[in-house]
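Below is one structure, written out as structure tokens, with a few remarks after it.
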Amino acid sequence: MLLTNLKAATMRDGYGLIADAAIMIEGGRITWIGPSAEAPSGHEATDCQSRLATPGLIDCHTHIVYGGSRAHEFEQRLTGVSYAEIAQAGGGIASTVRATRSQSKADLAASALKRLDALLAEGVTTIEIKSGYGLDRDTEMKMLKVARELSQWRPVDVVTSYLGAHALPPEFKENRQGYLDLVCTEVLPAVAKAGLADAVDAFCEGIAFSVEETRRVFAVAKSLGIPVKLHAEQLTNLGGSKMAAEFGALSVDHIEYLDQEGVDAIARSGTVAVLLPGAFYYLREKQAPPVAALRKAGVPLAVATDLNPGTSPVHSILTTMNMASVLFGLTPEEALMGVTANAALALGLKDRGVLAPGMKADIALWNTERPGDLAYPLGFNPLAAVIHKGEIVRGML
Ligand code: DI6
Ligand code: FE
């Protein structure tokens, strides 16, 4: 397939624009990209009518597999009850755990597909999905299997993370040690053996797990050869990011309360900062992540929906890009980097996120002129077509 008459935002080092571009695709890969005038000859060309091409978008932090609804907690929070108070009263994550445990794989897949479809309609071609609403061995494995199987039903690549250390399950309420033993000696090894997790995640926070507890889980992940990432510094500064950096974490996510020491630590370890403005927005947080310090230290910034039923029921990656700009001050260029090149980095994927020879042919085509148009509006979707693994899977060319 030879695509011509494109404006290409290659996302190599910023937008990396090619004004009148052509892209050659063979065997699911990009084999050539450059100015149309220099395109390889002898191929039938598809005229893309001057549309914008970007890498397929990557949502590098989601929790789309879960049962039940938390709409009532949204109402509660709006009457002044805090997220932490709801969690302490047995709601929050624990309520989603109850619902998720009771659902079949088919039910979980059916509801996850609806959420996934909303993201795919905006050009997503790779998604990361976490467990963490099962907390017992069988339900965590059920969630991860459902997540993996979604790619059989839709044109998308799924990357999974085991988030056993998300919350303390009710049956271990008085026994933190016991739960961590279960995670470290039974569930994580079983998940690893079944090849169900591409990474291990944890929620390091006052209302969840301490730095030392998280360290224990990460040590097991490391011994099993699985990379780690962390929900850190979302509501308070515990120093989780610094500890994660010691493990060479792929990413630290949220990080509103990250201090300079933490910034320096993740800069040294090459860890990506994943910004989640949806959770910031829904929790009406006041402290934005230290974007200026992260930029100065050269930390790659990614942006993700954090789609989850509690703190970020955000089903739109375009809206999330806009929020990253309006709420956190990212430029539209940084926001687009955050859902392409830097999101790939956050997942440890070297074969996507930029348009370049050798990369997977995952491409989004937009009815718009400038890449800055993607983060600019709210509630407007200019997606024209999607190519996944070299096949047109949405729209027409
Ligand atoms: N941080 C989050 O943003 C989600 N989990 C986490 O550790 C929220 C999970 C929920 O409230 O259901
Ligand atoms: Fe999350």
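Structural remarks
- Residues of the stretch 204-238 that turn out to be of a type in the set (Gly, Ala, Ser) and either within 13 Å of ligand 1 (Cβ to nearest atom) or closer than 19 Å to Ile129 by Cβ (or both), as a count: 4
- Any hit, the stretch 179-199, residues being among the hydroxyl-bearing types (Ser, Thr, Tyr), within 14 Å of ligand 1 (Cβ to nearest atom) and crowded, with 19+ Cβ neighbours inside 10 Å: no
- Identity of the residue in the stretch 272-294, part of a loop (DSSP other than H, G, I, E, B) and crowded, with 20+ Cβ neighbours inside 10 Å, that ends up nearest to ligand 1 (Cβ to nearest atom): Leu276
- Residues of the stretch 267-290 that are over 18 Å from the mean Cα position of the chain (by Cα) and on the phi < 0 side of the Ramachandran plot: Ala267, Arg268, Ser269, Leu283, Glu285, Lys286, Gln287, Ala288, Pro290.
- Set side by side, the residues Ser50, Ser102, Ser95, Ser151 differ, and just one is under 26 Å from Val303 (Cα atoms) and among the small types (Gly, Ala, Ser), which is Ser151.
- Remark: pairs (first residue in the stretch 161-183, over 22 Å from Ala232 (Cα atoms); second residue within 16 Å of ligand 1 (Cβ to nearest atom); Cβ separation under 6 Å; 6+ apart in sequence or on different chains) = Phe172/Tyr179.
- Residues considered: Ser151, Ser241. Of these, the only one that is within 16 Å of ligand 1 (Cβ to nearest atom), part of a helix (DSSP H, G or I) and either touching a helix residue (DSSP H, G or I) at 6+ places or on another chain (Cβ under 8 Å) or not aliphatic (A, V, I, L, M) (or both) is Ser241.
- Selection of first residues in the stretch 295-311 that are away from ligand 1 (no atom under 16 Å from the Cβ) and among the small types (Gly, Ala, Ser) and of second residues that are modelled with pLDDT of 95 or more and not in a loop (DSSP other than H, G, I, E, B), restricted to Cβ pairs under 7 Å at least 6 apart or on distinct chains, gives the following pairs, ordered by first then second residue: Ala297/Val263; Ala297/Asp264; Ala297/Ala267; Gly298/Ala267.
- Leading residue by the ranking (farthest from Val200 (Cα to Cα)) among those in the stretch 129-176 that are of a type outside the set (A, V, I, L, M), in contact with a Phe, Trp or Tyr (Cβ under 7 Å, 6 or more places away or on another chain) and crowded, with 24+ Cβ neighbours inside 10 Å: Tyr133
- Pick from the stretch 259-301, criterion within 25 Å of Val314 (Cα to Cα) and of a type in the set (Lys, Arg), ranking: farthest from ligand 2 (Cβ to nearest atom): Lys286
- Selected residue (only one of Ile58, Ile64 is in contact with a strand residue (DSSP E or B) (Cβ under 6 Å, 6 or more places away or on another chain) and under 20 Å from Glu333 (Cβ atoms)): Ile58
- Taking the numbered list (1) at negative phi; (2) of a type outside the set (Lys, Arg); (3) not in a helix (DSSP H, G or I) in turn, Thr100 passes all entries but (3).
The values are calculated or read from the model by the stated rules, or taken from the named source; none is laboratory data. Here the structure is a predicted model, which is why all the values come from computation and not from measurement. Because the Cβ atoms are built from the backbone with ideal geometry, glycine has one as well, and the counts that use them run over all protein chains shown.
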